[in-house]
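Beneath this line is the structure, given in structure tokens, with notes to follow.
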Amino acid sequence: MYLLQRLRHLYESMPPDSTEYILSRHILHHLSSLQDVTVTSIAQDTAISKSAVSKFFKSLTMGQTFDAFRSSLQLDLQYLSLDDQTIQVYSQEFNQHLKKYFPLDQDSMHALIQLIKKGRQVIIYGNPGFHDCFDCLVNYLLVQGKDIRYVNWTNGQVQNNELSQMSKEDLLILLEPDNTLFEFILRANMSVDMFWDFNRLAAQKVFLGKESIAYRDILVVPLCETKNSCIQHLYLSYYISSLLAAYMKDDTV
């Protein structure tokens with residue numbers, strides 16, 4: 001799924017006023033109607049010249065046409081659809097082996113699912129080392145038409161400026177499995193890279209990390225604690241796949 005991942009990388013890391021950001025965002029928001037998308041329609045919708053649009057897609061496909069890009073991306077989405085069909089099976093297998101060691105808090109998971117469903121835009125803000133744990137969730141929701149992305153806090157001021165523009169209809173998921181919410185906020189206050197003044201954000205906020213005392217309006221979703229980085233990565237993948245499986249089953253609007 002090279003093209004889908006490449007588009008996600010550009011959307012999640014480039015400055016919001018860049019051609020790469022605007023075009024990758026446009027395509028990711030039209031995955032369900034790719035057959036109707038053309039270079040002309042993209043140029044009209046984004047106010048970017050047709051030559052610049054064509055150049056962008058050629059850069060992603062080693063000089064091939066937009067039609068070739070679209071066909072390759074549609075093939076990516078077909079494979080993704082097959083992956084989605086196995087999520088339920090994998091989740092059940094994970095549960096059989098891991099639930100007695102890593103119990104899941106069903107109430108907080110359900111609350112998180114409802115917030116994701118209602119969120120106009122969802123940004124997961126966390127350590128770049130956990131980016132791949134969220135791939136199945138982000139890819140699935142993008143195909144479903146949800147505006148969602150994983151933002152690394154190491155991307156600095158460009159992404160931080162964008163966070164400050166989030167509205168009350170948006171959802172910000174703060175991820176730090178190694179810290180409590182208090183420790184995370186303290187760390188953010190001392191960092192030159194991370195966004196620190198979460199109180200100013202109008203968006204609804206959720207913290208995924210160590211069990212914590214609730215702070216202001218931030219919902220805490222506790223994750224199991226472990227000092228082994230490999231187990232931590234495995235657990236987070238398990239949690240997110242279980243979250244996605246529950247999301248697929250949930251019919252609450």
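Read the figures in this text as sums done on the coordinates, not as results from a lab. Since the model is a prediction, treat every value here as computed from it, not as a measurement. Please note: Cβ atoms are built from the backbone with ideal geometry, for glycine as well, and neighbour counts cover all protein chains shown.
By count of other Cβ within 10 Å, fewest leading, how are HIS9, HIS26 ordered? Can you show the working numbers first?
Details: HIS9 15, HIS26 18.
Lowest count first: HIS9, HIS26.
Mean residue ellipticity at 222 nm, helices only, the chain: -17000 deg cm²/dmol; runs of at least 4 DSSP H residues each add -39,500 (n - 2.57), and the sum is divided by the number of residues. Measuring nothing but alpha carbons in the stretch 183-247 and taking Rh as the Kirkwood radius, the Rg to Rh ratio lands at 1.01. Residue-wise HN-Hα couplings along the stretch 42-58, as the Karplus relation 6.51 cos²θ - 1.76 cosθ + 1.60 with θ = phi - 60° gives them from phi, are 5, 4, 5, 6, 9, 6, 10, 4, 4, 5, 5, 5, 4, 4, 4, 6, 5 Hz; Gly and Pro carry x.
Evaluated at q = 0.26 Å⁻¹, a Debye calculation over the C-alpha positions of the stretch 2-79 (equal weights, vacuum) places log10 I(q)/I(0) at -1.52. Look at SER229, SER242 and count the other Cβ atoms within 10 Å of each Cβ; fewest to most, that gives SER229, SER242.
For the chain, the longest principal axis of the alpha carbon atoms and the long axis of helix 229-249 meet at an angle near 70°. Using a cutoff of 8 angstrom between alpha carbon atoms and counting only pairs six or more residues apart, the relative contact order for the stretch 99-249 works out to 26 percent.
In the stretch 99-249 the Cα-Cα distances spread across 5 Å bins starting at 0 as 2, 9, 19, 25, 23, 15, 6, 1, 0 percent of all pairs.
Binning all Cα-Cα separations of the chain at 10 Å, short to long from zero, yields these whole-percent fractions: 7, 29, 34, 22, 8, 0. Annotation: the residues ASP36, ASP67, ASP147, sorted from fewest to most other C-beta atoms within 10 Å of their own C-beta, follow the order ASP36, ASP67, ASP147.
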